[in-house]
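Chemist: There's a structure below that I have some questions on.
The values are calculated or read from the model by the stated rules, or taken from the named source; none is laboratory data. In this text the structure is predicted, and so the values were computed from the model without any measurement. Cβ placement follows ideal geometry from the backbone for every residue including glycine, while neighbour counts extend to all protein chains displayed. These accessible areas exclude ligands, DNA and RNA; they are computed on the full protein's heavy atoms, side chains included. Shrake-Rupley method; radii C 1.70, N 1.55, O 1.52, S 1.80 Å.
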Amino acid sequence: MIDTAAPSDEALGRGATLLIANRGEIAVRIARTARRLGFRVAGIATRADARSTHRDACDVCIDLGDDPRAYLDVESVVDAARRAGATWLHPGYGFLAENAELARACAGADLRFVGPRPDTIEAMADKARARARAEAAGVPCLPASAVLDDDVAGWRDAAERVGLPLLVKAVAGGGGRGQRAVEAFDDLDDAVRAARRESQAAFGDDRVFLERRLDGARHIEVQVLGDGRGGALHLGARDCSIQRRRQKLLEETPPPGLAQAALDRLCQDAVELTRSLDYLGAGTVEMLVDPAERAVFLEMNTRLQVEHAVTEAVHGLDLVAWQLRLAAGRPLPAAPDPNRRGHAIEVRLCLEDPWDDFRPSPGRIIAWRAPDNDASAGLRVDHALADGLAVPDAYDSMVAKVVAFGATRAAAIERLRAALRDTVLLGPTSNLGFLRRLLAAPSVQRGGVDVGWVERGGDGELSLERPRPGLGARAAAAIAASETWGDPAGPLWGFRSSPGWGGWPIDLRAGGEEDAADQPDDSTLHLLPLESCAPGRPRRYRVTGADAADVALEAGPDPIRRRLTVDGETRRIAIAVEGAAERLHAVHLDTGEDIVTLRPPARRAARAAHGDPRLVRAPMAGRLTSIAVTVGDSVAAGDTLATLEAMKLETPLRAQLGGTVSTIHAAVGQQVAQHGLVVEIEPLEADAQTEAG
């Protein structure tokens with residue numbers, strides 16, 4: 001196998017300190033390998049990471065201060081390496097991983113940078129230059145324009161030459177940021193401006209170009225290694241076609257249903273490009289493959305990828321170890337690993353709302369329980385989460401990866417489904433419930449979907465409607481809330497002691513400002529104890545409302561994991577109460593299928609108050625990257641008034657009604673709190689009457 005450890009591996013890091021210029025799960029993962037190879041490991045952290053387990057994975061951790069964006073500051077990172085006594089630096093992925101300035105600063109500070117040379121990073125980070133290098137290496141590319149200048153009239157000419165449909169793409173882009181789809185020429189100007197704005201905010205570079213969009217394509221990428229002296233090899237391909245908002249959700253290897261001849265061809269193209277660059281380290285060449293299995297170059301990522309774990313699983317190797325070996329000047333083997341085996345599949349667990357266009361959802365983790373991390377059982381979980389960890393809007397939405405390996409693709413999928421059923425993530429809205437549905441979809445079970453499949457609703461196989469809790473889930477939430485409250489004598493419960501009363505009325509409903517009021521009044525439940533609670537036995541209730549059932553909620557050794565029995569049927573659930581007694585905020589519940597949050601009337605009413613259509617508020621905490629209107633402007637419903645950047649994604653803030661902009665409450669560059677007021681609109685007379693009615 002390619003990863004057979006050489007005797008000298010044990011001495012690779014002996015006496016050296018490696019700084020990991022990253023955070024979260026990737027820092028934990030790099031630290032694990034670096035320590036195995038003899039390195040003393042140094043980490044960095046901001047105050048936002050006070051509870052992150054990546055701090056404990058390192059031998060020493062350098063405090064970067066209060067600003068969660070400090071990871072993006074080259075000078076701060078290099079200074080942290082100096083303070084830690086580091087002589088090596090691994091950038092992980094994200095943040096500065098593809099930043100040539102960091103690689104150059106490392107050279108100037110006598111730090112060995114674990115990654116490609118600065119000129120290689122610079123060339124491939126510029127997508128226009130990367131295309132040119134790919135074409136020179138004989139790799140097919142899609143039709144594209146030159147980088148657009150400020151001549152708006154010229155944008156239309158360039159678009160007509162490229163042809164519709166097309167993408168506006170950031171020259172410095174990555175991870176889907178700085179991209180906009182264009183279906184009609186009339187949409188071009190807005191798309192270019194939006195892509196420029198997002199690219200400037202994300203990368204400090206607003207240059208964009210146009211490229212033909214390849215509909216119905218699959219996203220296939222090739223893992224490559226280079227020794228910096230013209231030696232290069234590939235470690236197979238991964239299918240990353242299941243995406244939302246042009247960012248990956250699920251990755252697997254080998255790509256299902258793709259002919260071996262097509263795989264061999266695109267892997268060889270990737271090796272030729274890697275060799276032509278005298279590439280050093282690990283990288284990924286990304287391709288689009290059309291329905292006829294013809295591949296075209298998309299981009300090259302000059303770093304470790306989030307999805308590297310699936311390649312490690314099928315090849316039985318450690319890619320971080322190979323990064324360190326190559327950085328130390330060790331040679332590559334002559335050929336790829338011939339021992340590829342089985343199938344591996346990974347999903348990204350993200351703080352985002354799948355039922356609201358995958359909108360980022362930063363916040364504090366109330367409860368986290370990972371499935372068993374057992375490589376021998378074909379399961380790997382990479383994370384740095386802990387109860388109480390606050391994930392700020394400045395960080396990426398991905399908080400964990402769950403990877404399953406099996407002898408067959410079907411076995412890997414079933415193992416992953418079981419792992420996700422055993423995973424608990426409560427607090428901010430996450431995509432955990434959506435991932436469970438995703439893996440059950442027939443097209444995912446078969447494999448081979450294209451990059452637009454999720455955004456099309458899985459061609460009818462995926463419901464994007466927010467899940468509603470059934471009677472059992474709502475009853476469990478009510479019982480858990482009453483336990484937190486203590487003796488049910490407070491305003492939530494309406495306690496009455498007279499004979500013949502119908503039980504404590506408890507009003508906990510799902511939803512927030514967008515749907516708190518669309519549930520019927522009879523959704524209030526009444527809990528009537530059926531027997532006194534004997535020691536060691538759960539109290540049973542008769543629950544009545546629109547429906548009725550006998551319900552019991554049984555405690556377990558873990559206060560989060562409970563057993564819920566409804567009319568004699570028992571299932572395992574996870575439940576966490578946020579707040580306590582007089583300040584009950586919410587009850588978070590995972591039924592094993594769906595995850596819902598229920599709130600008492602006061603909290604629900606407070607959230608619903610944010611729904612006044614005259615007041616345009618930030619749906620989540622973030623930074624304003626633009627304001628498109630001024631006081632006195634006339635706007636129509638649907639017009640974009642401002643844009644908010646959170647968790648590395650840009651969200652437009654749109655008018656909900658027509659009218660005149662009366663007040664602007666924030667400025668470009670300002671950090672806005674969740675539900676913070678941004679723009680106020682004086683409605684048109686007709687809209688005002690409609691609102692009043």
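Chemist: Within the stretch 139-172, how many residues are among the basic types (Lys, Arg) and under 30 Å from the mean Cα position of the chain (by Cα)? Talk me through it step by step, then tell me what you get.
Modeler: First pass over the stretch 139-172, keeping only residues among the basic types (Lys, Arg): 156, 161, 169.
Still in the list and also under 30 Å from the mean Cα position of the chain (by Cα): 169.
Summing the residues that are among the basic types (Lys, Arg) and under 30 Å from the mean Cα position of the chain (by Cα) in the stretch 139-172 gives 1.
A quick yes/no check of all residues on (1) closer than 15 Å to residue 46 by Cα; (2) open to solvent by 20 Å² or more (accessible area, probe 1.4 Å); (3) of a type in the set (Asp, Glu); (4) outside any loop (DSSP other than H, G, I, E, B):
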position	(1), (2), (3), (4)
62	yes, no, no, yes
70	yes, no, no, yes
76	yes, yes, no, yes
80	yes, no, no, yes
83	no, yes, no, yes
92	no, no, no, no
97	no, no, no, no
104	no, yes, no, yes
107	no, yes, no, yes
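Chemist: Within the stretch 346-401, work out how many residues are open to solvent by 30 Å² or more (accessible area, probe 1.4 Å), within 12 Å of the chain's Cα centre (by Cα) and within 12 Å of residue 425 (Cα to Cα).
Modeler: Residues meeting the conditions: 0.
Chemist: May I ask you to verify whether residue 396 is among the acidic types (Asp, Glu) and at pLDDT below 95? Talk me through it step by step, then tell me what you get.
Modeler: Numbers: among the acidic types (Asp, Glu): yes; at pLDDT below 95: yes.
In short, yes.
Chemist: Can you tell me which residue in the stretch 244-263 is nearest to residue 458 (Cα to Cα), limited to those that are assigned to a loop (DSSP other than H, G, I, E, B) and of a type in the set (Gly, Ala, Ser)?
Modeler: Taking the stretch 244-263 first, the residues assigned to a loop (DSSP other than H, G, I, E, B) are 245-246, 254-259.
Within this subset, residues satisfying the condition of being of a type in the set (Gly, Ala, Ser) are 257, 259.
On the way: 257: 18, 259: 23 Å.
Out of the qualifying residues, it is 257.
Chemist: Inspect the stretch 122-138 for any residue being of a type in the set (A, V, I, L, M, F, W, C), open to solvent by 40 Å² or more (accessible area, probe 1.4 Å), modelled with pLDDT under 95 and not in a helix (DSSP H, G or I) and give the result as yes or no.
Modeler: Just the residues of the stretch 122-138 that are of a type in the set (A, V, I, L, M, F, W, C), to begin with: 123-125, 128, 130, 132, 134, 136-137.
Right, trim to open to solvent by 40 Å² or more (accessible area, probe 1.4 Å) and you get 132, 136.
With the extra rule that they be modelled with pLDDT under 95, the set shrinks to 132.
Among the residues that remain, those that are also not in a helix (DSSP H, G or I) are: none.
For the stretch 122-138, residues of a type in the set (A, V, I, L, M, F, W, C), open to solvent by 40 Å² or more (accessible area, probe 1.4 Å), modelled with pLDDT under 95 and not in a helix (DSSP H, G or I): absent.
Chemist: Residues that are in contact (Cβ under 8 Å) with a residue 40 or more places away in the chain: find the strands (runs of 3 or more DSSP E) completely inside the stretch 164-243 holding 3 or more of those.
Modeler: In the stretch 164-243, 166-174, 208-212, 218-227 are the strands (runs of 3 or more DSSP E) which contain 3 or more residues that are in contact (Cβ under 8 Å) with a residue 40 or more places away in the chain.
Chemist: Are there any pairs with C-beta distances below 6 angstrom linking a residue in the stretch 422-450 that is within 17 Å of residue 248 (Cα to Cα) and open to solvent by 10 Å² or more (accessible area, probe 1.4 Å) to a residue that is in a helix (DSSP H, G or I) and modelled with pLDDT of 95 or more, with the two at least 6 apart or on different chains, and if so which?
Modeler: 436/420; 449/443
Chemist: Right, another one. Could you check the stretch 670-693 and list, in sequence order, the residues that are among the small types (Gly, Ala, Ser), in a loop (DSSP other than H, G, I, E, B) and either surrounded by 21 or more Cβ atoms within 10 Å (Cβ to Cβ) or modelled with pLDDT under 85 (or both)? Quick ask: steps written out before the conclusion?
Modeler: Initial filter on the stretch 670-693 (among the small types (Gly, Ala, Ser)): 673, 676, 686, 688, 692-693.
Retained after the next criterion (residues that are in a loop (DSSP other than H, G, I, E, B)): 673, 676, 693.
Result: 673, 693.
Chemist: Can you tell me which of (1) among the charged types (D, E, K, R); (2) over 19 Å from residue 179 (Cβ atoms); (3) buried (at least 21 other Cβ atoms within 10 Å of the Cβ); (4) under 27 Å from the mean Cα position of the chain (by Cα) is the one residue 269 doesn't meet?
Modeler: (4)
Chemist: Select from the stretch 614-628 the residues that are at pLDDT 85 or above and either assigned to a loop (DSSP other than H, G, I, E, B) or open to solvent by less than 30 Å² (accessible area, probe 1.4 Å) (or both) and list them in ascending order.
Modeler: First, the residues of the stretch 614-628 that are at pLDDT 85 or above: 614-618, 622-624, 627.
Selection gives 614, 616, 618, 622, 624.
Chemist: A further question follows. Return the residues of the stretch 239-249 that are among the basic types (Lys, Arg) and in contact with a Pro (Cβ under 7 Å, 6 or more places away or on another chain); say none if nothing qualifies. Reasoning before the result, please.
Modeler: Step one: filter the stretch 239-249 for residues among the basic types (Lys, Arg), giving 244-246, 248.
Within the stretch 239-249, no residue meets the criteria.
Chemist: Here is a follow-up. Please state which one of 605, 636 is modelled with pLDDT under 75 and loosely packed, with under 15 Cβ neighbours inside 10 Å. Let's see the steps before the verdict.
Modeler: Values: 636 fails: modelled with pLDDT under 75.
Among 605, 636, only 605 is modelled with pLDDT under 75 and loosely packed, with under 15 Cβ neighbours inside 10 Å.
Chemist: For residue 285, indicate whether it is closer than 30 Å to residue 41 by Cβ, β-branched (Val, Ile, Thr), within 26 Å of the chain's Cα centre (by Cα) and part of a loop (DSSP other than H, G, I, E, B).
Modeler: Here the answer is no, as residue 285 does not meet what is asked.
Chemist: Something else about it: Considering every residue within the stretch 333-340, establish whether at least one is more than 25 Å from the chain's Cα centre (by Cα) and of a type in the set (Lys, Arg). Explain how you work it out, then say what you get.
Modeler: Filtering the stretch 333-340 down to residues more than 25 Å from the chain's Cα centre (by Cα) leaves 333-340.
Among the residues that remain, those that are also of a type in the set (Lys, Arg) are: 340.
Yes, the stretch 333-340 has at least one match.
Chemist: Could you list, ordered by first residue, the pairs with Cβ atoms under 9 Å in which the first is in the stretch 304-329 and free of Cβ contacts under 8 Å to residues at least 60 places away in the same chain and the second is outside any loop (DSSP other than H, G, I, E, B) and small (Gly, Ala, Ser), at least 6 apart or interchain?
Modeler: 312/344
Chemist: Right, here's the next one. Which of the residues belonging to the stretch 175-193 are crowded, with 21+ Cβ neighbours inside 10 Å, of a type in the set (Gly, Ala, Ser) and modelled with pLDDT under 85?
Modeler: Matches in the stretch 175-193: 178 only.
Chemist: Here's something else I'd like to know. On the basis of being farther than 30 Å from residue 294 by Cβ, in a helix (DSSP H, G or I), open to solvent by 30 Å² or more (accessible area, probe 1.4 Å) and at pLDDT 95 or above, does residue 119 make the cut? First the steps, then the outcome.
Modeler: Details: farther than 30 Å from residue 294 by Cβ: yes; in a helix (DSSP H, G or I): yes; open to solvent by 30 Å² or more (accessible area, probe 1.4 Å): yes; at pLDDT 95 or above: yes.
Criteria met by residue 119.
Chemist: Can you confirm whether the stretch 22-29 contains a residue that is over 22 Å from residue 387 (Cβ atoms) and β-branched (Val, Ile, Thr)? Talk me through it step by step, then tell me what you get.
Modeler: Residues of the stretch 22-29 that are over 22 Å from residue 387 (Cβ atoms), as a first pass: 22.
From what is left, the residues that are β-branched (Val, Ile, Thr) are none.
Among the residues of the stretch 22-29, not one is over 22 Å from residue 387 (Cβ atoms) and β-branched (Val, Ile, Thr), which makes the answer no.
Chemist: Could I ask something else about it? Quick one: residue 209 ticks every box in (1) more than 19 Å from residue 346 (Cα to Cα); (2) at pLDDT 95 or above; (3) not β-branched (Val, Ile, Thr) except a single one, so which number is it?
Modeler: Among (1) more than 19 Å from residue 346 (Cα to Cα); (2) at pLDDT 95 or above; (3) not β-branched (Val, Ile, Thr), the lone unmet condition for residue 209 is (2).
Chemist: Answer yes or no: is there a residue in the stretch 218-237 that is open to solvent by 20 Å² or more (accessible area, probe 1.4 Å), basic (Lys, Arg) and more than 23 Å from the chain's Cα centre (by Cα).
Modeler: Among the residues of the stretch 218-237, at least one is open to solvent by 20 Å² or more (accessible area, probe 1.4 Å), basic (Lys, Arg) and more than 23 Å from the chain's Cα centre (by Cα), which makes the answer yes.
Let's see how each residue does on (1) modelled with pLDDT under 95; (2) in a loop (DSSP other than H, G, I, E, B); (3) of a type in the set (S, T, N, Q):
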{"position": "412", "(1), (2), (3)": "no, no, no"}
{"position": "435", "(1), (2), (3)": "no, no, no"}
{"position": "445", "(1), (2), (3)": "no, no, yes"}
{"position": "464", "(1), (2), (3)": "yes, yes, no"}
{"position": "472", "(1), (2), (3)": "yes, no, no"}
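Chemist: Take the residues of the stretch 639-667 that are in contact with a helix residue (DSSP H, G or I) (Cβ under 6 Å, 6 or more places away or on another chain) and under 27 Å from residue 72 (Cβ atoms): which is most open to solvent (accessible area, probe 1.4 Å)?
Modeler: 645
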